[in-house]
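Take a look at the structure below.
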Amino acid sequence: MEVSAMEEALPKKKTSKGGLRTIPFIISNEVFEKVATFGLHANMILYLTERYHMTAATGTVVLYFWNAVSNFLPIFGAVLSDSCLGRFRVIALGSVISLVGMCLLCLTAILPADRRTPDCAARRSECELVPWQLPLLFASFLLMSIGSGGIRPCALAFGADQLDRRDNSARNVRTLQTFFNWYYTVLGLSIVFASTVIVYIQQAKGWVIGFAVPFVLMLTALTLLLVGSPFYLKAEADRSVLVGLVQVLVASYRNRRGPLPPETADASRFHNRAGYKPRTPSNRLRWLNRACALGDNPDKEVNPDDGSARDPWTLCTVQQVEDVKAAVRVLPIWSTGIMPGVIIGQQMFPVLQAKTMERRVGGLEIPAASFGVFSILTLTVWVAVYDRALVRPLSRLTGHARGVTLRQRMGIGLALFAVAMASGRAVRMSAMRLVPQHCITGLAEALNLIGQIEFYYSEFPKTMSSIGVSLLALGMGFGSVAGSAIVGAINAGTRSGGGDSWLSSNLNRGHYDYYYLVLAALCVANLAYFVWCGWAYGEEGQNRVTAEEEAVEDTKTKEDQQQKL
């Protein structure tokens, strides 16, 4: 297998860069960024309804679209990282842009929001917004989304780069799994802090201080990232990665009328990069093999000097073809991650539900937005217990280094999402009745979302790690758009005669239980689709680039060439 420029930039021998000592700097950056971001998201529905006079449905749609933009942009950040700037620079740039967005959000709380009129003084519902308030608010949302688009796809992959040996050994698989699990454990604790302390500050001290604290935390995150810069293992970007993907598709189309090489064809029938061990492409998605198949006269297609293709838009290497296959094969399973995005994105409704319920425990009143902490606590506890107590006995039982396969974890998580939605009820009693739904959702996230991240990172070629990791956010983005469409359709379709819909701002007149049952039915259908996609995918771990083995092959080739000379 070939190793691209980005792969070669990662040292194959012991180096003073990278390792465990860099992880605290990277995780600290991510922790403070998550505290800042989730501290803003948790209470934002209340900020929109109270300060901007939005209805529950309108505010939910706004936040759905904010989530969608925040989840779509990471794919562009990943492309920028893998093909132009590198992961470290993109993370730093994203942190700076997020800072600017949080500063603008603080301004929306500091500057007056309403026109001072007699009607406004009498009834706040009659107030008119200052014309520039909404543009300022949406500009802050957009800048924070752009910043997260640089941080989200790169931070996890950047941390994994410091530890990844780039092979399929059980030890490396276990190391990466431990890193992913504990990475999310720490992030879970940071989100718990954001959902409690930051939310409490916003309610007790007001929006100005409540928004200023995340700004300070984000500034701290950027500072810690830059302090650790001398110790990081930084892989240079490889501009040829994305170009290579496009070249394979173009070459396959141009050669579509040519004969397809038989499955038994040897490596001499295909174009491989000079200096590397010749190999044949896999038989999956065989129509793409035309892109790397040599014709009857290879001398006319390959440069004799360096072995490169004379026209890379008609002849690609086997490795380029396999990279495209890895991306294409993952897409059906990736599409099953859209429904979890719908579920996670609708967490604004539980906040509104909790606000109308009895939230006192003893003498303490729990903030409505803090009930999401039960989901994060469940996720955090499960990840810690699974990694430290369950993986070893499960791996002995199943013979799998991870205990169970990644797709099994993802499937169980999808099933739990359905259970969580089926348990959702718009009760009018204690808000503690919402806790079971939050806990089941947290367990589903721990199994499915972390499983998705590890699956994409493991299945994508090393040169496309950031792009692979960004697929989770991309699925969440499509989930936010789909969720917004579902909310809009239900809100419009269930309002009869101008009355209240299922999603009425007055929870006593709405039917949120019906809404949750619709989501549960969609989750069941999505689970059935996932089972089919998992069966069609085949075996895991076939696309992992084994860089160390390739380095050995490359060394042997060069030694043989020197002996001949």
Check your understanding: Name the residues in the range 439-459 that are of a type in the set (A, V, I, L, M, F, W, C) and open to solvent by 10 Å² or more (accessible area, probe 1.4 Å), would you?
Key -> CYS439, ILE440, LEU443, LEU447, LEU449
Point to revise | Matching residues, the range 223-236, being within 11 Å of PHE32 (Cβ to Cβ) and open to solvent by 20 Å² or more (accessible area, probe 1.4 Å) | key: THR223, LEU224
Review point. Among (1) under 28 Å from the mean Cα position of the chain (by Cα); (2) over 21 Å from ILE198 (Cβ atoms); (3) not aliphatic (A, V, I, L, M), where does THR317 come up short?
Key: (1)
Review point. If you take the residues in the range 280-290 that are open to solvent by less than 50 Å² (accessible area, probe 1.4 Å) and not in a helix (DSSP H, G or I), which one is modelled with the lowest pLDDT?
Key: SER282
Point to revise | Residues that are assigned to a helix (DSSP H, G or I) and either of a type in the set (Phe, Trp, Tyr) or more than 21 Å from ALA139 (Cβ to Cβ) (or both), drawn from the range 47-79 | key: TYR47, ALA56, ALA57, TYR64, PHE65, TRP66, PHE72, ILE75, PHE76, ALA78, VAL79
Exercise for review: Kindly provide the set of residues from the range 199-218 that are open to solvent by 20 Å² or more (accessible area, probe 1.4 Å) and of a type outside the set (A, V, I, L, M), ordered by number.
Suggested key: TYR200, GLN203, LYS205, GLY206, TRP207, PHE215
Practice item. Please verify whether the range 251-258 includes one or more residues that are assigned to a helix (DSSP H, G or I) and either at pLDDT below 85 or hydrophobic (A, V, I, L, M, F, W, C) (or both). Key: yes
Exercise for review: Given the conditions (1) over 22 Å from the mean Cα position of the chain (by Cα); (2) free of Cβ contacts under 8 Å to residues at least 24 places away in the same chain, report the number of the one that VAL62 does not fulfil.
Suggested key: (1)
Point to revise | Filter pass, TYR52 being touching a strand residue (DSSP E or B) at 6+ places or on another chain (Cβ under 7 Å), surrounded by fewer than 24 Cβ atoms within 10 Å (Cβ to Cβ) and under 21 Å from GLN133 (Cβ atoms) | key: yes
Check your understanding: What tally of residues in the range 287-334 results from selecting those that are touching a residue at least 40 places away in the same chain (Cβ under 8 Å), under 13 Å from SER252 (Cβ atoms) and of a type in the set (Gly, Ala, Ser)?
Key -> 1
Point to revise | Residues that are modelled with pLDDT under 80 and closer than 18 Å to GLY483 by Cα, drawn from the range 412-464 | key: GLY424
Point to revise | Close pairs from the range 440-458: first over 15 Å from ILE333 (Cα atoms), partner not in a helix (DSSP H, G or I), Cβ under 8 Å, at least 6 apart | key: ILE440/SER423
Review point. Can you name every residue in the range 241-278 that is within 33 Å of the chain's Cα centre (by Cα), surrounded by fewer than 19 Cβ atoms within 10 Å (Cβ to Cβ) and over 22 Å from ILE467 (Cα atoms)?
Key: TYR253
Exercise for review: Output the helices (runs of 4 or more DSSP H) that fall wholly within the range 81-197 and possess 1 or more residues being open to solvent by 20 Å² or more (accessible area, probe 1.4 Å) and modelled with pLDDT of 85 or more, or say none.
Suggested key: 87-110, 133-161
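The values are calculated or read from the model by the stated rules, or taken from the named source; none is laboratory data. The structure displayed is predicted, hence computed values, not measured ones. All Cβ positions, glycine included, derive from the backbone under ideal geometry; neighbour counts span all protein chains shown. For accessibility, only protein heavy atoms count, side chains too; no ligands or nucleic acids. Shrake-Rupley method; radii C 1.70, N 1.55, O 1.52, S 1.80 Å.
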